[in-house]
Amino acid sequence: MGAGAETLVTTDLTVGGMTCAACVRRVEKRLGGLDGVTATVNLATGTARVSHPPGTEPSALVAAVEAAGYTAALPEPPERRAHGHEPADDRQDRDRLVITALLATPVLVLSMVPAWQFRNWQWLSFALATPVALWGAWPFHARAARGLRHSAATMDTLVSLGVAASFSWSVYALFLGGAGETGMTMPFSLLPADSEGAAHLYLEAAVGVPLFVMAGRFLEARARRGTGEALRSLARLAVKEVSVREEGHERLVPVEQLRVGQVFVVRPGERVATDGEVAEGSSAVDLSLVTGESEPIEVGPGSPVVGGAVNAGGLLLVRATAVGADTRLARITRMVTDAQAGKAGAQRLADSVSGVFVPVVLSLAVTALGFWLGAGADPQAAVTASVAVLVVACPCALGLATPTAMMAATGRGARLGVLVGGPRALEGLRHVDTVVLDKTGTLTTGHMTVARFTAVPDGLGREAVLRLAGAVEQGSEHPLGRAVVSYARRTAPDLPLPEAGDFTAAAGRGVRGRADGHLVDVVAPDGELPEPLAEALRTAENAAHTPVLVRVDGVAEALIEVGDAVRPGSYRTVETLRRLGVEPVLATGDREAAARSVASNLGIRHVHARCTPEGKAALVRRLREDGRRVAMVGDGINDAAALAGADLGIAMGSGTDVAIGAADVTLVRGDIEALADAVRLARRTLGTIRVNLVWAFGYNVVTVPLALVGLLNPMLAAAAMSASSLLVVGNSLRLRAWQPSPGRSRRR
């Protein structure tokens, strides 16, 4: 079993003809009937994600869906969908809706305003209603008939029967019930009533039901396309052609032909074609649409760049380091797609309920008809109650409750630099009460930087000593040396560093060289130091920084403190997590002093230093055994085991592929502040899903009994049914405007 599970492959299908949660249930059941196949069907996206053995051909999956009475095909690439025109089916639905509205409106007005009912108005209404009941409602009739051939009942079955019953009763009333007589008028009431004299017409229900349902589905489809905007935005970031430079010449090639190691040109205003490393040039790149970073990032030779980023400055030559499905943009797109295909636990319950929903409604409609006729009620009132039951019931809202919220939330999260792996990850984020944080690269930048520079008061001067130290360290490859050089260049960007000669490096000690005629040593401090430098040394040791002493011509001139700087957002993140009821725990492989220093600065009470990868995984396991819901945040290979073992793994987007692969959530920006945003977004999303499901269930609990006892007009029932789906979709769309923590710079 285990070996077989590992060999399963995944195929996505585009499924057409689904209109409610009962359709979803039926497609999943039919696909699941194939040997070794499981499927998750999403009503909002009209897709099925199918896991199957490698020997199962896609054609067999398509045939299974078609055998259930629906259409299926392999999906188009996202970039084609993003740039395509309005689908033909959408245009047909829009045209059918417009014509139906033009025909139905006079019928509704004449039926509802008795003062406007002229002689033989009923025959004009009948002439206008006939094409609506037959042609306008034809998609409902066709899907209902297709379902009947496959022994299935869906929302279309209910609508088709409601239209057919209303229209058939009206035909009977016109030709046999006296309603066709010249001069007949008919009062309008919001509540069904017994007829007096001629039988009442229900042409307004025959045209109102398909009109309102079609209008509701049209608006619902437009709204659902809005929730899927994230994927289309990501697809639009993909570059179609790229200028490759070879042997001094440029040639324009399709991006699919670009290979790792090739150098391509990115001009100002163009998008970076794929992930790479700057070979020549310097510029600022705008990552806002890829990672949510609001400020452009300065890049130069050796700097990594991400495909989809916009070159906001000078000309860049970039060497490709990843292409196709291996790029960061492709991974983001896959994660968003996977997240939108999943289902929350509550939605799985709703789908199970919807599987028996339509048969139950049909039984209730027949029961209502039989009860009212058996109780001696007017046949017209009995038919009205039965039709109202058919029309008002709505499994559509049940099917849309989770997927629309997931689409809106994952899209919003992607724009904010938070990639959520699916409903399981959202539910995990909602319930975590403990988060284990790695230090290096997570709470800190992961890069050595100069934290403090202290010069003796009567020496050569701060700027002179710093330039001499930077000049000598240019020959060093040590992280401490690179930090000193970078700091020296930033301090005086307009002055080039002096040339250094006679460079020597002693392992574990430091470097020596000559610059501007001075012998310069940049070494670990030893011996007696002047008081300002001795005080700086004590401060560095307390802060767990690495001290570096600068001697010029044998005289101690300055002390440089080098350390891994805490990310600016770490302070706010820890405080926000506490306010959200989540306890932060620091776990790092670094030494005790460094760990305690960072924890003290951030106000983290629980610290575990010198943690091996196995130690981090064991810590996560102990916390879970104590009954805690644990999230692990990390960025390195050493964090992968703990990420996989936690209730929820969260990877920094700037981390390794191993860490990202083991995580359920990725903070694409590499900004720890996104963690608090992710928790808040998860709680808001699950709250939205709960509201959607409460509404979807509660609507039917209230309206179906009203219809059963004859207190609901079929036309109003159709409007209420359409409104229920629109309310669910509209509630989900609110997530697209969700704002992160106040007072922070974010792309909106």
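Filtering segment 691-703 to residues that are touching a helix residue (DSSP H, G or I) at 6+ places or on another chain (Cβ under 7 Å) and either surrounded by fewer than 20 Cβ atoms within 10 Å (Cβ to Cβ) or over 18 Å from residue 21 (Cα atoms) (or both) leaves 691, 695, 703. The conditions of being crowded, with 16+ Cβ neighbours inside 10 Å, at pLDDT 85 or above and among the hydrophobic types (A, V, I, L, M, F, W, C) are met by residue 265.
Counting residues in segment 175-186 that are farther than 30 Å from residue 416 by Cβ, in a helix (DSSP H, G or I) and modelled with pLDDT under 80 gives zero. Identify, please: which residue in segment 605-647 is in a strand (DSSP E or B) and closer than 16 Å to residue 588 by Cα and is, among those, modelled with the lowest pLDDT? If we take residues in segment 605-647 being in a strand (DSSP E or B) and closer than 16 Å to residue 588 by Cα, then 634 is modelled with the lowest pLDDT. Looking across segment 449-464, just one residue is aliphatic (A, V, I, L, M) and closer than 12 Å to residue 492 by Cβ, and that is 464. Checking 54, 77 one by one, the residue that is surrounded by fewer than 15 Cβ atoms within 10 Å (Cβ to Cβ), modelled with pLDDT under 90 and touching a strand residue (DSSP E or B) at 6+ places or on another chain (Cβ under 6 Å) is 54 and no other. Is there a residue being in a helix (DSSP H, G or I), at pLDDT below 80 and under 19 Å from the mean Cα position of the chain (by Cα) anywhere in segment 291-299? Looking for residues that are in a helix (DSSP H, G or I), at pLDDT below 80 and under 19 Å from the mean Cα position of the chain (by Cα), one finds at least one in segment 291-299, hence yes. Among the residues of segment 532-548, those that are under 50 Å from the mean Cα position of the chain (by Cα) and among the aliphatic types (A, V, I, L, M) comprise 536, 537, 540, 543, 544, 548. In the set (1) at pLDDT below 65; (2) crowded, with 17+ Cβ neighbours inside 10 Å, the condition left unmet by residue 69 is number (1). Could you tell me which numbered condition residue 488 fails, if it satisfies all but one of (1) touching a strand residue (DSSP E or B) at 6+ places or on another chain (Cβ under 8 Å); (2) surrounded by 18 or more Cβ atoms within 10 Å (Cβ to Cβ); (3) under 30 Å from residue 652 (Cβ atoms); (4) modelled with pLDDT of 85 or more? It is condition (1) that residue 488 fails. Can you find a residue that is under 30 Å from residue 600 (Cα atoms), hydroxyl-bearing (Ser, Thr, Tyr) and surrounded by fewer than 20 Cβ atoms within 10 Å (Cβ to Cβ) anywhere in segment 550-570? No, segment 550-570 has no match at all.
When the criteria are applied in full, residue 450 fails the requirement of being assigned to a strand (DSSP E or B) and either under 30 Å from residue 686 (Cβ atoms) or among the aromatic types (Phe, Trp, Tyr) (or both). Output the residue which, of all residues in segment 7-34 that are assigned to a loop (DSSP other than H, G, I, E, B) and in contact with a strand residue (DSSP E or B) (Cβ under 9 Å, 6 or more places away or on another chain), is farthest from residue 90 (Cα to Cα). The residue in question is 8.
The values are calculated or read from the model by the stated rules, or taken from the named source; none is laboratory data. Given the structure is predicted, the values throughout are model-derived calculations rather than measurements. Here Cβ is always computed from backbone atoms with ideal geometry, including for glycine, and neighbour counts include all displayed protein chains.
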